[in-house]
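Worksheet for the structure shown next.
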Amino acid sequence: MLELQPPAGHLEVLCLGAHPDDIEIGCGGTLLRLAESDASVRAHVLTGTPGRTAESTRALGLFVPMAKVSFGEFPDGRLPAYWNDVKQSLEDLAVAPDLVLAPRVDDAHQDHRLLGQLATTVWRDALVLHYEIPKWDADLTPPTHYVALSTAHARRKVELLDECFPSQTGRDWWDDEMFLGLLRLRGVECRARYAEAFHTTKVKVSL
């Protein structure tokens, strides 16, 4: 297993979510690690009611202090019907990140899937890592890349999810066992205690 390292120096990171809590669930641990490095993080979420966007704004500020956070006003569950407007909204961000964190291109949820597909067309020169979101659809597939997490990072991620998203804690799939269990499984797969997993289709390796 080859361990890849980000380039030395400042890193510009863009996180994309279809819904409030997507980013935090999919790559919250990675954000905690980025917060300890020389990285600037911009987060953009396409949907959300005022209450839900307030939850996500607070969460992202705790995961990555000083993160820039913005929200769109598209209807939840209907993003494919707004394909042109969604793509234009991404282009209007007018950013040139080194790293983009976005949903998987084969995610079972149509909003996630569309956003993941558009991310690779809007930011062709960035490394795009597609995070995974567990759900009842049972759509998780073998990942290609991992970010190892310490026990402290893994547990902090779960604490922040519970603390910042009270609107979601009553759902039958939302519990510490599920979140930590997936992080532990991905850790086993990359010989770490815990890890978050990602998918990508194109990586340039300089040797």
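Values quoted throughout were computed directly from the atomic coordinates according to the rules given, and no laboratory measurement underlies them. Here the structure is a predicted model, which is why all the values come from computation and not from measurement. Note that each Cβ is placed from the backbone with ideal geometry, even for glycine, and that neighbours are counted across all protein chains shown.
A few points about this structure:
- Linear extension gain, residue 175 paired with residue 189, 0.36 nm per residue minus alpha-carbon span: 2.8 nm
- Near the amide H of residue 11, within less than 5 Å, lie the amide hydrogens of 39, 40, all on another chain or at least 5 residues away, with H placed in the peptide plane.
- For residue 87, a cut-off of 22 angstrom between C-alpha atoms picks up these lysines, skipping any fewer than 8 places away in its own chain: 68, 202.
- Net charge over other residues, Cβ less than 10 angstrom from the Cβ of residue 103 (K, R count +1; D, E count -1): -3
- Checking every one of the trypsin sites (Lys or Arg not before Pro) in the range 95-138 against DSSP loop status and a limit of 13 other Cβ atoms within 10 Å picks out 124.
- Approximate shape of the chain as ellipsoid semi-axes (Cα gyration tensor, √5λ), whole Å, largest first: 23, 21, 17
- Ranked packing of 177-188, 44-55, 17-28, 70-81, most packed first, by mean Cβ within 10 Å: 17-28, 44-55, 177-188, 70-81
- Shape of the range 30-132, Cα gyration tensor, a/c cut at 1.5: oblate
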